[in-house]
Amino acid sequence: MQRSSSCTWVRGLLEMFASRGVDVPWLVRTAEIAPERVENPDERFTADEVSRLWELAVERSGDCTLGMDRALTLRHVNFDVVGYAMLSSPDLRSALQAFARYLALISDAATFQVVAADQDGAWLELGHTGNTRPVPRQRFAYGMLGMLTLSQWLTRRDVQPLAVEFKFPPPPERGAYAVAFGCPVAFDCHENRMLLAAADLQTALPSRNPGMLALHQQVMEERLARLGHANISYRVTSEIVRRLHRGEPRREQVAASLALADRTLQRRLHAENTSFQQLLDDARRELAGKYLADARYSLCEVADLLGFGDSSNFFRACRRWFGMPPGQYREQVALHPATA
């Protein structure tokens with residue numbers, strides 16, 4: 001599956017780069033993106049194209065903290081119609097859950113979920129998928145900071161995270177992260193996530209409107225259908241990707257998360273000529289190619305990220321997917337990345 005981000009999101013990103021003095025025409029040209037694509041509101045950009053824009057912008061600006069400013073995210077992050085649906089939601093938690101449901105309209109190369117924490121707070125977990133090149137740490141930080149300023153915009157209050165964690169190693173400019181988020185920031189963690197307090201999540205939104213919410217939901221469902229993401233296969237795959245790193249997802253759990261009975265889920269998948277096991281295998285294969293191309297992950301870590309409790313099962317799966325064990329596939333990727 002080719003993962004991509006909307007033109008609305010990418011144009012907002014380019015406007016942010018321009019505000020920091022980056023030569024955007026040079027940036028687009030060097031990234032080998034046709035300028036007319038940026039002007040087409042229906043255009044989508046692959047996960048790797050977005051990462052390449054980030055890499056070039058950081059290099060051109062010489063600023064490793066590019067985007068680490070709440071004012072920038074408030075001004076330039078554009079959540080399009082999804083933001084309006086969130087505004088109509090009853091409270092912040094519901095708005096964030098709506099964001100998770102309709103994120104594909106903005107980017108199906110991103111993953112997002114609200115995970116319950118102690119004292120009724122919740123972690124907002126943000127990830128990326130569908131990329132073959134490493135995701136720049138600035139891209140993770142900008143996305144997370146965008147979620148924070150979005151929460152403040154929705155609630156009209158000074159929402160402050162209790163903690164922020166990132167998967168990448170501590171960067172030289174790690175002090176800038178603490179300043180931007182206003183809380184302790186940890187690195188080398190298992191997830192990219194931000195902890196919000198229960199009081200903030202329960203905040204009633206001043207703009208809540210059940211009638212408008214229903215209208216926006218209808219519009220977003222229609223857009224998802226046009227994108228081809230309204231089918232049950234896509235929704236199941238998205239749930240699988242979000243859950244894999246915690247172990248092999250169970251079909252019953254995924255069905256419950258989609259508000260479906262297990263038997264109903266099986267029937268709908270059958271109607272789309274697929275099965276839960278096939279979608280699980282396809283998701284694992286796609287992610288395996290991504291993780292094995294990134295030397296930062298050991299083979300054991302890749303097995304864990306793919307939800308294999310036994311590394312031998314992972315090795316057998318790689319032989320089936322790629323015709324070779326994972327170590328050999330990694331060597332082949334290093335020698336011939338374009339072919340892989």
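The values are calculated or read from the model by the stated rules, or taken from the named source; none is laboratory data. From a predicted model like this one, the values you see are computed outputs, not experimental measurements. Reconstructed Cβ throughout: ideal geometry from the backbone, glycine too, with neighbour counts over all protein chains shown. Each accessible area value is taken on the protein alone, full model and side chains, heavy atoms only, with ligands, DNA and RNA left out. Shrake-Rupley method; radii C 1.70, N 1.55, O 1.52, S 1.80 Å.
Counting only helices (runs of 4 or more DSSP H) that fall entirely inside region 52-149 and contain at least 3 residues that are within 27 Å of ALA178 (Cα to Cα) and among the charged types (D, E, K, R), no element qualifies.
Against the numbered list (1) in contact (Cβ under 8 Å) with a residue 40 or more places away in the chain; (2) surrounded by fewer than 18 Cβ atoms within 10 Å (Cβ to Cβ), LEU292 comes up short only at (2). Going through (1) open to solvent by less than 60 Å² (accessible area, probe 1.4 Å); (2) free of Cβ contacts under 8 Å to residues at least 12 places away in the same chain one by one, GLN253 falls short only on (1).
Just for region 38-51: of the residues that are assigned to a helix (DSSP H, G or I) and touching a Lys or Arg at 6+ places or on another chain (Cβ under 9 Å), which one is surrounded by the fewest Cβ atoms within 10 Å (Cβ to Cβ)? That would be GLU39. May I ask you to list the residues in region 135-184 that are in contact (Cβ under 8 Å) with a residue 60 or more places away in the chain and under 19 Å from the mean Cα position of the chain (by Cα)? Within region 135-184, VAL135, PRO136, GLN138, ARG139, ALA141, TYR142, LEU145, GLY146, LEU148, THR149, LEU150 meet the criteria. Of the candidates VAL81, VAL50, the single residue that is within 29 Å of VAL236 (Cβ to Cβ), among the aliphatic types (A, V, I, L, M) and modelled with pLDDT of 90 or more is VAL50.
Of the helices (runs of 4 or more DSSP H) lying entirely inside region 152-231, those containing at least 3 residues that are in contact with a Phe, Trp or Tyr (Cβ under 8 Å, 6 or more places away or on another chain) are 210-227. Close Cβ contacts (under 8 Å, 6 or more residues apart or on different chains) running from residues in region 105-119 that are over 16 Å from LEU244 (Cα atoms) and in contact (Cβ under 8 Å) with a residue 24 or more places away in the chain to residues that are polar (S, T, N, Q) and part of a helix (DSSP H, G or I) comprise ILE106/THR8; ASP108/SER238. ALA334 falls short on exactly one of the conditions (1) surrounded by fewer than 15 Cβ atoms within 10 Å (Cβ to Cβ); (2) part of a helix (DSSP H, G or I); (3) free of Cβ contacts under 8 Å to residues at least 12 places away in the same chain, and that condition is (3).
Scan region 82-97 and give yes if some residue there is under 20 Å from the mean Cα position of the chain (by Cα), among the hydroxyl-bearing types (Ser, Thr, Tyr) and open to solvent by 10 Å² or more (accessible area, probe 1.4 Å), otherwise no. Among the residues of region 82-97, at least one is under 20 Å from the mean Cα position of the chain (by Cα), among the hydroxyl-bearing types (Ser, Thr, Tyr) and open to solvent by 10 Å² or more (accessible area, probe 1.4 Å), which makes the answer yes. When you scan region 298-310, do you find a residue that is modelled with pLDDT under 85, under 26 Å from TYR102 (Cα atoms), of a type outside the set (D, E, K, R) and touching a Leu at 6+ places or on another chain (Cβ under 6 Å), even just one? Checked against the condition, which is being modelled with pLDDT under 85, under 26 Å from TYR102 (Cα atoms), of a type outside the set (D, E, K, R) and touching a Leu at 6+ places or on another chain (Cβ under 6 Å), region 298-310 yields no hits at all.
The condition (being open to solvent by 10 Å² or more (accessible area, probe 1.4 Å) and over 24 Å from LEU258 (Cα atoms)) is satisfied by just one residue among ARG193, ARG156: ARG156.
Filtering region 12-36 to residues that are closer than 22 Å to THR129 by Cβ and either of a type in the set (S, T, N, Q) or not in a loop (DSSP other than H, G, I, E, B) (or both) leaves GLY12, LEU13.
Please determine, by comparing only the residues of region 117-131 that are of a type in the set (D, E, K, R) and at pLDDT below 90, which one is surrounded by the most Cβ atoms within 10 Å (Cβ to Cβ).
Of everything passing the filter in region 117-131, ASP120 is surrounded by the most Cβ atoms within 10 Å (Cβ to Cβ).
Is region 299-309 home to any residue that is more than 20 Å from GLY130 (Cβ to Cβ) and assigned to a loop (DSSP other than H, G, I, E, B)? Yes: region 299-309 contains one or more residues that are more than 20 Å from GLY130 (Cβ to Cβ) and assigned to a loop (DSSP other than H, G, I, E, B).
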